[in-house]
Structure formats: structure tokens, C-alpha cells
Amino acid sequence: MRLSQYFLPLLRENPAEAQIVSHRLMLRAGMIRQSSAGIYSWLPLGLRVLKRVEQIVREEQDRSGAQEILMPTIQPAELWRESGRYEDYGKEMLRITDRHDREMLYGPTNEELITAIVRDAIKSYRDLPKNLYHIQWKFRDEVRPRFGVMRGREFLMKDNYSFDLDPQGAKHSYNKMFVAYLRTFARMGLKAIPMRADTGPIGGDLSHEFQILAETGESEVFCDRLWLATDILAEAEELNYDSDLEPFFRHWTSLYAATDEMHRPETCPLPPDQLVSARGIEVGHIFYFGTKYSVPMGAVVAGAGGEEVPLEMGSYGIGVSRLVGALIEANHDDAGIIWPETVAPFRLGLINLRPSDKACRNAADELYAKLRGAGVEVLYDDREESPGAKFAAMDLIGLPDQLILGPRGLAAGTIEWKRRRTGARHELPLETAVAKFAATQREAR
Ligand code: P5A
């Protein structure tokens with residue numbers, strides 16, 4: 001993509017309304033614009049990241065055996081009356097009346113809708129287990145939407161729902177998601193700690209939140225100091241979804257980690273110097289609630305002996321749009337964003353320092369064409385701007401690597417390569433640049 005043609009409305013100044021760094025940087029880097037409180041448009045650069053995050057989430061869901069569907073954003077109120085949640089959900093639910101005076105709502109979550117779909121389609125224990133997911137916009141009329149996409153009113157969630165015949169099967173489904181979530185966040189370079197959590201309006205009594213430790217996190221969290229030095233993923237990577245995952249689950253949940261609502265100083269087993277208290281960003285939340293929805297909604301199957309068995313259910317959510325903010329909270333410096341390669345909007349930035357110089361322009365154009373030909377996603381700064389402005393823009397949007405071409409390097413047959421994260425600079429022979437990035441592009445994906 002040529003920057004001269006790209007829709008990338010960068011802001012020079014820090015927007016006054018943004019209180020935390022991810023919100024500031026998303027606005028300044030032209031990723032999002034607010035349309036009303038807690039509701040955002042995603043501009044090209046932001047959308048590319050959102051799609052990358054979504055794709056990693058999707059691949060790990062598919063790998064765990066879950067199947068993708070797509071449910072609507074608008075739901076009928078009557079389904080929520082069946083479960084009893086229509087009144088309970090309160091003011092966070094955006095209620096809508098259609099032209100025929102039918103009560104509808106913009107879904108804050110989909111337990112009811114999926115239960116109705118499965119109730120009508122699955123009649124026998126032989127059709128179980130099933131795990132269905134979708135990636136869809138949700139609406140929650142939060143009292144205090146804030147921090148940009150971190151606490152929006154409209155936000156993108158991956159939510160899935162598992163259906164099993166008995167509690168053991170349901171626990172296995174829960175464990176699978178426990179592992180899938182660790183893998184998902186690790187692929188984005190994030191360490192998300194599973195913490196015993198409160199179940200709130202979703203219900204049930206077994207639940208874990210996945211929290212990323214960050215100073216700007218909204219909630220206070222508590223965990224064993226050992227978590228800070230632990231690589232939980234190395235072990236999760238070895239697991240097979242068909243094997244018994246309970247030992248893995250037990251092992252990791254025995255290491256203390258709890259959200260504010262669940263932490264009790266009186267009963268906390270850790271000595272004070274072993275307990276870390278920090279701020280956390282909740283990027284995922286999983287629930288096991290058994291028959292909370294299947295019983296009132298009549299979602300039953302015929303068991304092996306022909307008896308009626310209510311479905312055992314769990315639900316599992318990842319805040320896909322929140323993750324974009326969380327990734328920035330975890331990856332930035334004073335100059336801007338530093339994208340991990342797996343979620344970067346482009347793999348590489350190419351800066352032409354002197355577009356008005358014909359030789360420079362030809363060389364940069366040629367390199368750009370070759371990089372694209374090799375399948376490298378590159379953002380090419382071909383604008384007539386000062387070098388300083390170009391460096392600042394490239395650092396702000398945070399692509400993992402930059403190639404900088406100027407007349408002096410060109411005369412020597414070299415190009416400067418700068419790594420965004422470390423700031424390290426190297427001179428590369430111009431002719432090796434394409435091969436270098438064609439190779440790293442493949443490694444990162
Ligand atoms: C699980 C999936 C649920 O809704 N039902 C379906 C269950 N869980 S949850 O914890 O309420 O939400 C799941 C994840 O969505 C993100 N999230 C938000 N992101 C941005 N803005 C919001 N206002 C918001 N509310 C929830 C969180 O990452 C949460 O873990």
C-alpha cells in the first residue's frame with residue numbers, strides 16, 4: 001500500500017479525551033474514530049489489526065474443534081423472557097421496538113439464541129458434544145464507556161457455547177477452552193493469566209477470567225509471584241485436545257490467581273511476600289453453568305436409555321476489539337505502537353527519504369514492487385514529506401520493521417533496516433532486502 005493513497009488520518013497532538021495510552025495511540029495512528037460514546041468506526045489501519053486478531057482467535061477455535069457460525073446482532077425479547085434474563089439484565093441491554101411493536105434487543109451475549117438453535121436441532125445424545133462459536137458485534141449500554149475500545153458500548157466478541165450430555169463432558173469442553181485461550185493469547189505475544197472469577201449475569205459457579213497485567217487495567221487482580229516467571233504456554237502447546245486435560249487444568253489453577261471479587265485476604269493461602277497485587281485487563285472469560293439455560297428453555301436430548309436429559313452448557317468469550325487496545329497497552333514506547341509480528345497491520349514499512357530524486361524514486365518503487373511480488377505486506381511511504389515527519393509517522397504506527405532508502409545508501413547499494421522494537425539499525429545490501437523479508441513474513445505467520 002502506498003501511503004500517499006492510504007486513508008491514514010494521523011493526529012499530531014494527543015487527543016484530550018483519551019486517558020490511556022492505547023486510546024491515545026489508536027486515535028493518533030488513525031486506527032479508529034469515535035462516532036458516539038463507546039462506539040467506534042474502524043479505519044483501514046485499525047481494521048487490519050482487528051482482522052488479524054480475529055483470525056488468530058478463529059484458527060485456535062477451529063483447532064480446538066469448535067465450529068464457526070454467525071448469529072445476528074438483533075434478537076427477539078421473547079427468548080430472553082424464556083431464560084428469565086430479560087428483566088434481570090437491566091439497563092445495560094439496549095431494547096428496541098420494531099415497526100410491528102415487537103420487542104427486540106441488540107444482543108449483549110448469545111446464550112439464549114444459541115440454546116434455542118440447538119434445542120430445535122439436536123434431539124439425541126448421539127449428536128453431542130457440540131461447540132459452536134461466532135465472532136460478532138455486541139452492545140452493552142455501559143454506564144461509563146471509557147478507554148476507547150477497551151470498554152466500549154459496541155464491541156466485537158468471539159463467543160462460543162458448548163453442549164454436552166453430562167457434567168464430565170462439559171468439564172472437558174471447559175478445559176479445552178482453557179487451553180485454547182492460553183494458546184490464542186500467546187500467539188499474540190500476550191501472557192494472559194487465568195484467574196478464578198465471579199460469574200455475574202452469565203451465571204454458574206465455575207469461571208475463569210484471562211487477565212493481562214498492565215498498569216492501566218480496569219480491575220485489581222491478585223496472583224502468586226510465580227506467575228510472573230512462568231511460561232504456561234510451553235506446556236499447553238504439548239497438549240492434545242482429545243487427551244485428559246484435567247491434570248493440566250488442576251496444576252495451573254492450583255497456582256493462586258484471583259480477581260478482586262474472588263480474592264479474600266483472610267483465606268488467601270499465600271504469604272504476603274508471595275502475593276502480587278496488580279491491575280489487569282480482562283481479555284477473556286469462560287463459564288460453566290450446567291443447565292441454567294437448558295432447563296428453563298427446554299433444551300433436552302434423549303439419553304442412551306431414551307430418558308430426557310437437559311443439555312450441560314458452558315460459554316466462553318474473548319474481547320476481540322478490546323484485545324487491540326490491550327495489545328497496545330502491552331507494546332508501546334514514547335514514539336508510538338510496537339506491533340508484535342503476528343498482529344501487525346503490515347509486516348514492513350518502506351520509507352523513501354527523497355521521492356523527488358528520480359533515482360531514489362525508481363529504486364524505491366522497484367523494491368516496493370518486488371516486496372509485494374514476494375508476498376510481503378508493505379506500507380510504502382512515498383509522500384513528499386520531511387524525513388523527520390516520515391520517521392515519526394512510521395514509529396507511531398509501529399510496524400515491526402522499517403526499510404529506509406535515501407540517496408546516500410542508494411549510491412552505495414545499501415538500504416537501512418530498522419527494527420521498531422529495539423531501535424537497532426543495520427545496513428543491508430539493497431539486493432538482499434526482498435529475500436530477507438520474504439523469509440520473515442513466512443516465519444511470523
Ligand atoms: C461468555 C461468552 C460473556 O458475555 N457470554 C458469551 C459470556 N462473558 S463476558 O465476560 O461478559 O464478556 C466476554 C469478554 O468480552 C469482553 N468485553 C468487552 N470488551 C469491550 N468492551 C466491553 N464493554 C466489554 N464487555 C466485555 C471482555 O474481554 C470479556 O472477557
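By its C-alpha gyration tensor, with a ≥ b ≥ c as the square roots of the eigenvalues, how is the stretch 192-310 shaped: rounded for a/c under 1.5, else prolate for a/b larger than b/c, else oblate? Kindly include the intermediate steps, with their values, before the conclusion.
Values: a/c = 2.46, a/b = 1.70, b/c = 1.45.
It is prolate, given that a/c is not under 1.5 and a/b is the larger ratio.
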Problem set entry | Mean-position separation - Cα centroids, the stretch 256-333 and the stretch 12-79, in angstrom | 21 Å
Exercise. Comparing LEU379, LEU239, LEU47, which has the greatest mean-square fluctuation in the GNM of the chain with Cα pairs linked when under 10 Å apart?
Worked result: LEU239
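Within a 10 angstrom radius of the beta carbon, how do ASP231, ASP198, ASP159 rank from fewest other beta carbons to most?
Numbers: ASP231 10, ASP198 13, ASP159 22.
Starting with the residue having the fewest Cβ neighbours, the order is ASP231, ASP198, ASP159.
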Problem set entry | Neighbour-count order for TYR6, TYR380, TYR161, fewest beta carbons within 10 angstrom listed first | TYR6, TYR380, TYR161
Problem set entry | Given charges at beta-carbon only (K, R positive; D, E negative), |dipole| of the chain in Debye | 1760 debye
Exercise. What list do you get for ARG119, ARG408 if you sort them by fewest beta carbons within 10 Å?
Worked result: ARG408, ARG119
Seminar exercise, completed: For PRO15, the net charge from surrounding residues (Cβ-Cβ under 12 Å; K, R +1; D, E -1) works out to +2
For this session: Normalising by the residue count of the chain, find the relative contact order in percent from Cα pairs under 8 Å and 6+ residues apart.
Result: 17 percent
Seminar exercise, completed: Subtracting the Cα-Cα distance of THR432 and GLU13 from 0.36 nm times their residue separation yields 147.1 nm
For this session: Could you point to the residue in PHE222, HIS263, ILE32 farthest towards the positive end of the chain's charge dipole, with +1 and -1 charges on the Cβ of Lys/Arg and Asp/Glu respectively?
Result: ILE32
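What per residue convex hull volume, in Å³, do the alpha-carbon atoms of the chain yield?
Working: hull volume 75.8 nm³, N = 445.
Looking at the chain, the number lands at 170 Å³ per residue.
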Seminar exercise, completed: Relative to the compact-globule estimate 2.2 N^0.38 Å (N residues), the Cα gyration radius of the stretch 399-442 stands at a ratio of 1.13
Exercise. Quick one: if you stick a label point 7 Å off each Cα along the C-beta vector at ALA369 and GLN5, how many nm between them?
Worked result: 1.4 nm
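Given the DSSP H assignment, sum -39500 (n - 2.57) over each helix run of at least 4 residues in the chain and divide by its residue total; what's the result at 222 nm in deg cm²/dmol, nearest 500? Provide the component values of the computation, followed by the final result.
Numbers: 14 runs with 144 residues, N = 445.
Taking each H run of at least 4 residues, the total per residue is -9500 deg cm²/dmol.
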Exercise. Counting Lys +1, Arg +1, Asp -1, Glu -1, what net charge surrounds GLY148 among other residues with beta carbon under 10 Å of its beta carbon?
Worked result: +3
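With only alpha-carbon atoms in the gyration tensor, what are the semi-axes of the equivalent ellipsoid for the stretch 24-172, in Å, largest first? List each step's numbers first, then the result.
Values: eigenvalues 177, 103, 30 Å².
Over the Cα atoms of the stretch 24-172, the ellipsoid semi-axes are 30, 23, 12 Å.
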Problem set entry | Modelled label reach - ARG361, point 7 Å along Cα→Cβ, the stretch 1-23 residues with backbone N closer than 14 Å | 4
Seminar exercise, completed: GLN168 and ASP231 label points (each 7 Å along its Cα→Cβ direction) are spaced in nm at 3.5 nm
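Once the piece of chain linking ARG421 and GLN274 is laid out straight, how much longer is it, given 0.36 nm per residue of separation minus the C-alpha distance between them? Let's see the in-between values first.
Numbers: separation 147, 0.36 × 147 = 52.92 nm, distance 3.16 nm.
Extending this stretch completely gives an extra 49.8 nm.
Would you mind calculating the gained length between ARG81 and LEU94 on full extension (0.36 nm times residue separation, minus the Cα-Cα distance), in nm to one decimal? Please list the in-between numbers first.
On the way: separation 13, 0.36 × 13 = 4.68 nm, distance 1.50 nm.
Additional length available on full extension: 3.2 nm.
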Seminar exercise, completed: Phi angles of the stretch 173-187, converted by Karplus (6.51 cos²θ - 1.76 cosθ + 1.60, θ = phi - 60°) into ³J(HN,Hα) in whole Hz with x for Gly and Pro, give 4, 4, 4, 4, 5, 3, 6, 4, 5, 4, 5, 4, 5, 5, 5
Problem set entry | Separation of the ILE39 and ASP101 label points, Cα + 7 Å toward Cβ, nm | 2.6 nm
Exercise. Using the Kirkwood formula over every pair of different C-alpha atoms, what hydrodynamic radius in Å results for the stretch 301-445?
Worked result: 17.4 Å
Exercise. If one takes the longest principal axis of the Cα atoms in the chain, at what angle in degrees, from 0 to 90 and to the nearest 10, does the Cα axis of helix 44-63 lie?
Worked result: 50 degrees
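We did not get these values from a lab; they are worked out from the coordinates using the rules stated. Computed from a predicted model, the values in this text were never measured in an experiment. Methodologically, a virtual Cβ is constructed for each residue, glycine included, from the backbone with ideal geometry; neighbour enumeration extends over all protein chains shown.
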